[in-house]
């Protein structure tokens with residue numbers, strides 16, 4: 001089984017609220033379809049919230065502690081965010097179905113729970129059943145109830161980790177808008193150093209402690225989730241899904257530039 | 001707790017595929033909000049698939065037996081239907097949130113399973129948790145995996161029955177586009193007789209056996225689901241949600257023309 005995450009930044013236009021990048025979406029859907037046509041693969045797709053989910057989550061400060069008196073507003077914020085990411089998911093599924101991919105959405109908000117922003121409950125039987133019947137389950141960055149904070153946001157990156165930990169996939173791939181992990185943002189720093197591989201949480205500590213870390217938005221979060229998987233013996237790879245054919249090639253086990261996160265050796 | 005179903009026929013334009021009736025939607029949302037503002041009520045909303053879900057479900061004959069060779073097409077049909085009803089749900093939630101209703105969608109396809117078109121599995125803990133936190137859970141006519149038929153459609157009416165059976169609500173209301181149950185379609189027959197009350201499955205048998213039954217589309221199905229509830233001691237009421245203020249009044253326990261389905265006495 002393969003778990004493939006597609007970053008929200010690739011699927012949505014960053015500079016506009018709630019606008020899908022239809023060209024990227026269609027290209028990625030078609031690359032996945034080509035690979036599945038080559039040979040059958042069990043696949044789960046995770047996608048981010050992109051410019052759909054972030055604005056309401058930020059506006060209502062979902063995930064921050066709040067007073068009881070703020071609950072009505074927070075509830076509406078939760079609902080707005082849920083509906084916004086559902087809208088993105090609906091566009092993504094539409095494009096994927098148009099390419100012939102049998103994608104079934106299983107939103108985190110309908111069955112998962114968190115404690116202090118970490119998923120602590122989420123029965124994955126539905127995923128297994130849909131996979132058994134040849135479907136492609138799709139899950140995405142979403143809002144869920146939280147035992148400590150009442151409500152919180154669960155990122156697509158945390159979802160990969162949770163799914164991988166519980167479903168033991170053969171391959172975990174994160175399609176982002178950069179080639180992998182750099183010590184600085186490669187888009188703004190010409191001297192950014194690229195990492196082919198990360199091996200443990202210790203590497204991350206050294207990396208953070210000794211360099212002026214300026215990784216791209218959310219990259220540290222991604223690495224932490226993936227290093228946790230590496231510690232469980234599950235290897236993952238960060239690739240650039242904006243480069244044409246990268247998604248196809250990685251699914252076909254062909255060589256693609258990227259950062260492998262594994263336990264070492 | 002109140003379970004309120006709003007028929008797909010009220011929320012969508014019957015003569016157009018995938019078109020929301022925004023005026024009805026806004027009016028009903030505002031009636032619900034007025035009632036909740038009057039006094040707190042625990043509420044679950046169920047909505048139909050309307051002109052969004054029916055065309056793909058019909059096109060792909062979801063729920064009919066099929067050969068293994070047809071599976072790829074059936075899968076795509078399942079996904080198209082799921083995405084179409086998700087789209088309707090997204091519009092409905094948007095309108096409800098705009099009115100200040102904290103609606104959280106919990107799609108049947110993400111956690112329910114059926115056997116021969118009847119729900120045989122569906123843990124409702126998420127519903128209880130969202131209700132406890134002051135949210136309004138929303139579920140809708142959807143597609144699910146079926147142990148016998150591989151895939152099937154679950155109607156909003158069956159969902160009401162399943163929810164009511166398991167959550168023991170104080171009130172079950174079906175908002176439709178007619179005043180209640182008639183022996184003939186009141187829209188096409190001036191001599192249609194109105195039923196204030198239905199008491200048991202026996203009544204239905206008599207009703208079906210002795211008259212030329214021409215009830216409006218799906219009404220027999222609705223009655224069967226509700227009589228099953230009546231046999232469990234759960235009363236329900238079919239009202240016309242197209243009549244202004246009917247939804248508000250029924251939530252306020254005011255008198256509204258309709259058909260009560262109950263065990264009798």
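The values are calculated or read from the model by the stated rules, or taken from the named source; none is laboratory data. Predicted, not measured: the structure shown is a model, and the values here were computed from it. Glycine gets a Cβ as well: all are built from the backbone with ideal geometry, and neighbour counts include every protein chain shown.
When you go through B:131, B:145 one by one, which is the residue that is assigned to a strand (DSSP E or B) and over 18 Å from the mean Cα position of the chain (by Cα)? Let's see the steps before the verdict.
On the way: B:131 fails: assigned to a strand (DSSP E or B).
Just one listed residue meets the conditions, B:145.
Can you confirm whether residue B:187 is in contact (Cβ under 8 Å) with a residue 40 or more places away in the chain, under 23 Å from residue B:261 (Cα atoms) and either surrounded by fewer than 17 Cβ atoms within 10 Å (Cβ to Cβ) or within 14 Å of another protein chain (Cβ to nearest Cβ) (or both)? Lay out the reasoning, then the answer.
Details: in contact (Cβ under 8 Å) with a residue 40 or more places away in the chain: no; under 23 Å from residue B:261 (Cα atoms): yes; either surrounded by fewer than 17 Cβ atoms within 10 Å (Cβ to Cβ) or within 14 Å of another protein chain (Cβ to nearest Cβ) (or both): yes.
When the stated conditions are applied, residue B:187 does not pass them.
Looking only at strands (runs of 3 or more DSSP E) that lie completely in segment B:21-115, which have at least 1 residues being surrounded by fewer than 20 Cβ atoms within 10 Å (Cβ to Cβ) and facing chain A (nearest Cβ under 10 Å)?
Values: elements: B:43-47, B:103-105, B:113-115.
Counting at least 1 such residues, we get B:113-115.
How many residues, within segment B:241-265, are buried (at least 19 other Cβ atoms within 10 Å of the Cβ) and not in a loop (DSSP other than H, G, I, E, B)?
Total satisfying the criteria: 8.
Using beta carbons and a limit of 6 Å, which pairs, at least six apart or on different chains, have the first residue in segment B:145-158 and in contact (Cβ under 8 Å) with a residue 60 or more places away in the chain and within 13 Å of another protein chain (Cβ to nearest Cβ) and the second one surrounded by fewer than 22 Cβ atoms within 10 Å (Cβ to Cβ) and part of a loop (DSSP other than H, G, I, E, B)?
What qualifies is B:152/B:63; B:152/B:117.
Quick check on this structure: which one of A:172, A:138 is at pLDDT 95 or above, within 11 Å of chain B (Cβ to nearest Cβ) and crowded, with 22+ Cβ neighbours inside 10 Å?
On the way: A:172 fails: within 11 Å of chain B (Cβ to nearest Cβ).
Sole residue among the options that is at pLDDT 95 or above, within 11 Å of chain B (Cβ to nearest Cβ) and crowded, with 22+ Cβ neighbours inside 10 Å: A:138.
Could you tell me which numbered condition residue A:124 fails, if it satisfies all but one of (1) closer than 17 Å to residue A:167 by Cβ; (2) buried (at least 16 other Cβ atoms within 10 Å of the Cβ); (3) touching a strand residue (DSSP E or B) at 6+ places or on another chain (Cβ under 8 Å)?
Failing condition for residue A:124: (3).
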